[in-house]
Structures are given as structure tokens and as C-alpha cells.
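Everything on this sheet refers to the single structure shown next.
The values are calculated or read from the model by the stated rules, or taken from the named source; none is laboratory data. Quick caveat, the model's predicted, so the values are computed rather than measured. Here the Cβ positions follow ideal geometry from the backbone for every residue, glycine too, while neighbour counts run over all protein chains shown. Ligands, DNA and RNA are stripped out before the accessible areas are found, and what is left, the full protein with its side chains, is counted by its heavy atoms. Shrake-Rupley method; radii C 1.70, N 1.55, O 1.52, S 1.80 Å.
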Amino acid sequence: MGQPGPDHRPPRRRRASRHARHHRRTHRTNLRRVRRCLRERRRPDRRGVLRPAAFEQQRQRPDLLPVDLPRPRGGRAPARLHGPCAVQVRSIAPRPVLSHAPSPRSGGVLCSTRAARRSCRSRLGTFRARWHGDAKETVEMAWMKIKDAFKAPPGTELTVKGWVRTRRDSKADGGLSFVAVHDGTCFDPIQVVARSDLPNYEGEIARLNTGCSVEVDGVLVASQGKGQAVEIQATAVRVIGWVEDPDTYPVSNKRHSFEYLREVAHLRTRTNTFGAIARVRHTLACAIHRFFDERDFFYVHTPIITASDAEGAGQMFQVSTLDHMNLPRTPDGQVDYNEDFFARKAHLTVSGQLNVETYCCSLSRVYTFGPTFRAENSNTSRHLAEFWMIEPEIAFADLQDDAKLADEMVKYCIDAALTERPDDMRFFDERIEKGIIERLRAVVDKPMRILPYTDAVKILQDSGQKFEYRVQWGTDLQSEHERYLTEHHFKQPVALINYPKKIKAFYMRENDPGTDGAPDTTVAAMDLLVPGVGELIGGSQREERLEVLDRRIEEMGLVKEDYWWYRDLRRYGTVPHAGFGLGFERLVQFVTGMQNIRDVIPFPRAPRQAEF
RNA sequence: GCCCCGAUAGCUCAAUGGUAGAGCGAGCGGCUGUUAACCGCUAGGUUCCAGGUUCGAGCCCUGGUCGGGGCGCCA
């Protein structure tokens with residue numbers, strides 16, 4: 001705080017006078033605003049934003065009924081506690097807030113239907129007395145997740161546990177605080193109304209800050225204020241964990257940039273955005289497993305450490321237990337990997353595909369879903385060094401089957417997010433990418449576009465667009481080209497198929513000459529491009545003909561013997577088969593509208609980024 | 001890896017080479033069934049780091065660190 005000393009005084013005086021000038025100025029402006037508001041019979045708001053007069057009417061809604069909450073009166077209460085005891089009517093309004101008439105036996109009202117009464121009783125059956133720190137007997141009520149609390153009937157007694165989003169105070173009715181509490185189970189926090197007659201009101205409740213963890217006992221009631229349908233009238237608020245310095249709490253109740261939140265990845269999950277991302281990510285992961293399970297796919301756990309280099313391309317992370325400072329050497333000076341853990345050079349996997357193909361060629365339909373590692377020095381919003389990839393592989397299938405599978409899977413996932421997480425999706429629609437719900441719905445409804453690479457090149461060449469890189473058959477499409485196709489030309493996901501073989505991996509099946517009228521040989525590859533993300537899926541039909549595969553391995557300058565077990569699949573009962581890889585984080589990006597891939601994985605790994 | 005841009009209060013950002021400010025957040029007080037609340041006051045700074053130019057550097061120069069965007073690699 002302050003360090004008052006002779007040295008500091010002169011600058012302080014100067015600052016104070018400037019301060020004063022400024023405040024006189026803003027004060028005059030505010031006065032003008034307020035006077036205008038009064039003339040127009042409106043309520044003044046900050047920055048001159050005026051609220052409609054309806055606000056006042058809303059505040060005076062007569063149909064809301066204040067209630068008194070019972071406090072423990074010493075002695076044992078639990079045995080006598082049952083649903084209707086929880087609330088006492090203090091004053092009668094024309095229409096009670098709790099949806100049925102007071103019961104004479106209890107003098108209180110809680111549940112309107114038989115089912116709701118039953119539900120109350122069963123929850124209350126779990127009550128038990130508990131000795132609390134302040135030597136007062138309190139009641140532990142049924143702990144409910146906030147998502148369930150929102151669905152419970154008014155009058156339900158419950159406990160919620162979570163973290164404080166905001167606290168607002170009011171002096172009305174002798175003083176009360178509104179505490180927004182979230183526990184991550186749904187998008188919205190629940191509003192807890194804590195009255196000043198709670199024993200720890202002054203000392204604790206009125207000092208709650210964003211980030212504090214609390215347990216709240218109370219009764220669910222229809223809200224008197226607008227902005228939420230229900231709220232909790234608290235009978236007890238227990239502070240579990242304080243925020244030690246609210247001034248430096250990294251995710252205070254305000255807007256933060258995603259760049260900043262990346263630096264506090266351990267706390268960013270408490271924000272509404274990252275909570276929503278986590279839930280949608282979970283829903284998508286579950287949807288993927290469900291999608292495959294419903295279609296008789298088996299989930300195969302392919303190895304994370306591998307000695308094979310799946311595609312002969314791409315930087316890999318090396319896995320070694322050798323002492324870097326004292327490496328064993330062979331006589332010719334090379335590192336002697338015979339001394340290493342696996343007695344050979346080993347890496348983190350860049351793809352489970354080659355392994356999962358073996359299961360495909362025996363279990364027919366399989367998939368992997370696991371972490372994948374690329375040591376490329378990629379600095380983009382769509383690349384990670386560690387990401388999760390889904391790789392299905394289907395036997396007795398060609399590229400058309402593969403594309404169909406990709407189409408169905410993407411649609412299934414989108415539909416799951418839209419139907420299972422409407423609250424989170426509404427948030428993404430309003431705050432992250434306007435209109436995303438509609439666009440996703442359109443993806444589900446429309447048939448997927450499938451377009452040969454050769455035709456795509458023609459479209460681009462005839463587009464009249466100025467591209468930084470010239471479009472030319474035989475070269476890989478640049479991301480500006482892909483974006484033009486999916487974001488401008490088709491305005492929907494597009495699967496490009498049958499790429500020139502020179503730009504694709506050795507295991508992709510060679511097409512017959514002249515396929516799609518292409519000038520040179522193509523392979524049965526498929527890339528699914530989606531707006532905003534680019535390549536969501538990369539896949540192919542696999543080369544099942546041994547002699548063609550061997551030729552391709554040779555052409556690529558690879559060593560046949562390294563792939564001996566992969567080649568065996570072609571020697572013993574080979575079948576046409578196909579598969580693809582879907583970058584899970586890119587799917588999450590596509591569904592949420594988040595722009596940077598580092599924000600859709602809990603703890604991003606990228607070049608120079610592995611803090612958490 | 002290449003090309004651009006940036007780094008100033010807890011956060012988001014201002015500030016011709018000449019006395020470092022605002023909004024939000026925080027603390028205190030006022031008002032209020034509140035909800036991006038509002039009003040007043042207060043505190044809060046090694047202007048990323050190391051050098052250099054200058055009477056004087058947040059600003060100009062050099063080097064570094066970190067972050068962002070685009071491209072490449074891909075999923």
C-alpha cells in the first residue's frame with residue numbers, strides 16, 4: 001500500500017489535483033445525464049445507457065412472495081424436517097410464488113405435484129445432523145449439481161457447492177447479497193440470495209469475491225428478479241476457500257483476452273467460455289465413441305511409443321532413456337541405440353493408422369482415439385505438438401465408403417453437441433461466432449460435397465480470384481485455395497478426393513489411369529475441408545496390392561524391410577480397406593467457433609509452450 | 001522454419017522525444033431484489049530485459065526474451 005514519505009509528496013499533490021479536475025468534469029457530465037434521464041422518466045445507467053421504464057414495473061411485481069427461511073433453533077431438527085417445513089409464508093400476496101397453497105400442517109408451501117412432493121421426501125431422507133465448526137448444529141441437505149438444481153421443483157431444499165462468479169449487494173429488505181455460484185455442470189451459474197440475518201453475513205458472505213469456493217444450503221424458489229427463473233434462498237453459506245488476494249486473482253469477473261487466459265490455463269476453466277469448451281469437448285468425445293459403438297466398430301488402443309515412422313514424413317519426438325550428457329557410441333561415432341531402452345530408436349506416435357490397420361484386417365471395423373505427437377515447428381492457430389486424433393479403419397471398403405463414414409460421423413458429432421449442450425452452444429452462438437448454430441445445423445441437413453481434386457483445380461483456376469500462389473495440377477493446394485473452396489465457393493464442408501500421387505503418402509491406393517480425367521496418376525486420398533478450420537479430416541483408401549505398395553515404398557525412398565509387418569497384411573488375405581484421421585481439436589474448433597486450437601485443448605503443447 | 005505486429009497498473013488499452021493516464025477489476029463509503037448495476041473516494045507503475053543515441057527515452061537505434069497474426073508442415 002502507501003509509502004507516505006517526504007519524497008513522495010510533491011508528485012502526489014500534482015496527481016491529486018489532476019484527479020480532481022477530471023472528476024469535476026465527469027461529475028458534470030453525469031449530472032447532465034441524470035437530469036436528462038429524469039426528464040424522460042428513465043432510470044440512468046452507466047455511460048448514459050438508459051433503461052426502459054418497464055424496469056421499474058418489473059421491480060414492483062406484486063405476484064412475488066417474500067419468504068422467511070427457518071434457522072436452526074438449537075436442538076435437533078433433522079428428524080422433524082420434511083418437505084413442507086422448509087419455508088414459512090411471511091406475507092400473503094395475490095398469487096403465491098410457490099406454486100400451491102400453504103399446508104395447514106406445516107404453515108409452508110413447497111411442492112405442487114405429488115411427484116415433486118415425493119422427490120422432496122426422498123432427498124430429505126438423506127438429511128443428517130452435522131456438528132459444524134461454529135458449534136452450531138446445522139443440517140446437511142442433499143447436494144445437488146447446479147444443472148439439476150435448475151430442473152428441481154420450486155421448494156426443493158438443497159445444497160450446492162461451487163465457486164463464486166459474482167457478488168452483488170443490496171440494502172433492500174434489511175440487506176442481502178446476490179451470489180452467482182457455478183460448479184461447471186452447466187453453463188449458467190445459479191443465483192444464491194443471502195440475507196443479512198445469516199450469522200456469517202457481515203464477516204464472510206459480504207466479503208465473498210469472484211473465485212471463492214462455497215457450500216450453500218437453501219431452498220429453491222422462483223426468482224423475484226428478472227434474469228433468472230429460479231434462485232436459492234440461502235439458509236447457510238459456508239466459505240470453503242477464500243481468494244487470498246482478490247486484486248491479483250487472475251480470472252476476476254471481467255473480460256479477459258484468450259491470449260492472457262492461456263497464461264493462466266489452470267484457472268481459465270472457471271470462465272464461462274472455457275467451461276463451455278470443456279463440456280462440449282466431452283460431449284463430442286462421448287459422441288464419437290457412441291457413433292462407432294452403434295456401428296459395430298471396436299475401439300483399439302494403438303501404441304503411443306512406436307519404432308515405426310508411420311508416413312515417412314514429419315518430425316517426431318524421440319523417446320529415450322539414454323543420458324544426453326554421456327551418449328553411448330558405436331565404433332563409427334554414431335549414437336548406439338542398442339543401449340537405449342527399446343534397443344532401437346523410438347518415438348512418440350504420429351499416427352495409429354498402421355497399427356490399427358492390422359486390427360481392421362481381422363475385426364473389420366475399428367478405430368483409435370488417442371493422443372498424437374508432432375514435433376514440427378508449427379506456429380499456427382490450427383496446429384499442436386500434442387493433439388488427439390480419431391482414426392477409423394474399415395475393411396472391404398473403398399474411398400466412397402470412407403467419405404460416407406466421415407460425413408456421417410461429423411454430422412453425428414455436430415448433432416450431439418447441438419442437442420446435448422444447447423446452453424453452451426447458445427453461448428458460442430452469441431459470443432464466439434455469431435450464427436454458428438444455424439451453420440452447423442445446415443451442415444447436418446445438407447448432403448456432403450465430394451469433389452475430385454482435378455475439378456477443384458479447375459474451379460480455382462476459373463474463379464478469377466487473385467491467389468498468392470498459382471493453382472496448378474500436381475501441386476498441393478495452399479490454405480488460401482482450400483479456404484476459398486469451402487468458405488466462399490461452396491460455403492460448406494467439401495471432401496476433396498483423388499489427389500496426385502506425388503504429393504501423398506505411400507500407403508494410399510493408386511487409382512486407375514485417367515480417373516477424373518486427371519493428367520497424371522492419382523491416389524484414392526480424401527481431405528475434408530471445413531470453413532474456419534481448413535483440413536478437418538485426411539484419409540484414403542489403402543493400397544492393398546503388395547506389388548504396388550512395394551513400388552510406392554521404393555519410389556518414396558523408404559526401406560521395405562521396415563514395413564515388414566505392414567506388408568504381411570497384403571501377403572496374407574489382403575482386402576480393400578480405407579480409413580481417415582480426424583483431428584479432434586479441429587472438430588472442437590469447428591463446433592465451438594473458437595479461433596485458436598490452443599483454446600480447445602485443456603493444456604496446449606506447442607513450440608515453446610508446455611508450462612502446465 | 002519464414003514474414004509481419006505487439007509488450008505501459010491485476011486485466012484491456014491511451015500517452016509529437018519533455019510532469020505516465022483512462023475504463024474495468026480491487027479496497028472503503030453511498031444507493032439499490034441485484035444481475036456488464038450505479039455514484040463518490042482511495043490504493044495500485046523498475047513502461048518486458050540489457051545496452052546505445054540525447055540536455056532529456058514509454059516513444060529513436062542494437063541485441064535478447066515472451067506473446068499474437070499470416071505462411072509452410074499437417075489432423
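Pairs are defined by a Cβ separation below 8 Å, a sequence spacing of at least 6 or placement on different chains, a first member in region A:592-606 that is at positive phi, and a second member that is in a loop (DSSP other than H, G, I, E, B); the pairs so defined are A:593/A:433; A:593/A:532.
So in region A:383-397, with the set limited to residues that are part of a loop (DSSP other than H, G, I, E, B) and more than 6 Å from RNA strand B (Cβ to nearest atom), which one is farthest from the chain's Cα centre (by Cα)? My answer is A:396. Of the candidates A:348, A:440, A:363, A:354, the single residue that is open to solvent by less than 20 Å² (accessible area, probe 1.4 Å) and more than 24 Å from the chain's Cα centre (by Cα) is A:354. Taken over region A:561-597, the criterion of being within 10 Å of RNA strand B (Cβ to nearest atom), part of a helix (DSSP H, G or I) and open to solvent by 40 Å² or more (accessible area, probe 1.4 Å) is satisfied by A:586 alone. Looking only at region A:535-548, residues that are touching a residue at least 40 places away in the same chain (Cβ under 8 Å) and surrounded by 22 or more Cβ atoms within 10 Å (Cβ to Cβ) come to 6 in all. The set of residues in region A:448-461 that are free of Cβ contacts under 8 Å to residues at least 24 places away in the same chain and either in a strand (DSSP E or B) or open to solvent by 50 Å² or more (accessible area, probe 1.4 Å) (or both) comprises A:458, A:461.
Among (1) within 9 Å of RNA strand B (Cβ to nearest atom); (2) modelled with pLDDT of 90 or more; (3) farther than 18 Å from residue A:141 by Cα, there is one condition residue A:212 misses while meeting the rest; what is its number? Failed condition: (1). When you scan region A:416-424, do you find a residue that is part of a helix (DSSP H, G or I), surrounded by 14 or more Cβ atoms within 10 Å (Cβ to Cβ) and more than 18 Å from the chain's Cα centre (by Cα), even just one? Checked region A:416-424: no residue is part of a helix (DSSP H, G or I), surrounded by 14 or more Cβ atoms within 10 Å (Cβ to Cβ) and more than 18 Å from the chain's Cα centre (by Cα).
Restricting region A:549-560 to residues that are more than 16 Å from RNA strand B (Cβ to nearest atom) and open to solvent by 70 Å² or more (accessible area, probe 1.4 Å), the residue that is nearest to residue A:384 (Cα to Cα) is A:559.
When you scan region A:215-222, do you find a residue that is among the small types (Gly, Ala, Ser), near RNA strand B (Cβ under 7 Å from one of its atoms) and closer than 29 Å to residue A:173 by Cβ, even just one?
No: zero hits.
Listed by first and then second residue, the pairs linking a residue in region A:166-185 that is within 9 Å of RNA strand B (Cβ to nearest atom) and open to solvent by 20 Å² or more (accessible area, probe 1.4 Å) to a residue that is in a loop (DSSP other than H, G, I, E, B) and aliphatic (A, V, I, L, M), with Cβ atoms under 7 Å apart and 6 or more places separating them unless they lie on different chains, are A:167/A:208. Looking only at residues in region A:398-413 that are among the hydrophobic types (A, V, I, L, M, F, W, C), within 19 Å of residue A:498 (Cα to Cα) and open to solvent by less than 10 Å² (accessible area, probe 1.4 Å), the one that is farthest from RNA strand B (Cβ to nearest atom) is A:403. Pairing each residue of region A:197-215 that is assigned to a loop (DSSP other than H, G, I, E, B) with any residue that is of a type in the set (D, E, K, R) and within 10 Å of RNA strand B (Cβ to nearest atom), provided the two are 6+ apart or on different chains, yields C-beta distances under 6 Å for A:208/A:167. Within region A:271-278, is even one residue surrounded by fewer than 18 Cβ atoms within 10 Å (Cβ to Cβ) and either at pLDDT below 95 or assigned to a helix (DSSP H, G or I) (or both)? Yes, there is a match, as at least one residue in region A:271-278 is surrounded by fewer than 18 Cβ atoms within 10 Å (Cβ to Cβ) and either at pLDDT below 95 or assigned to a helix (DSSP H, G or I) (or both).
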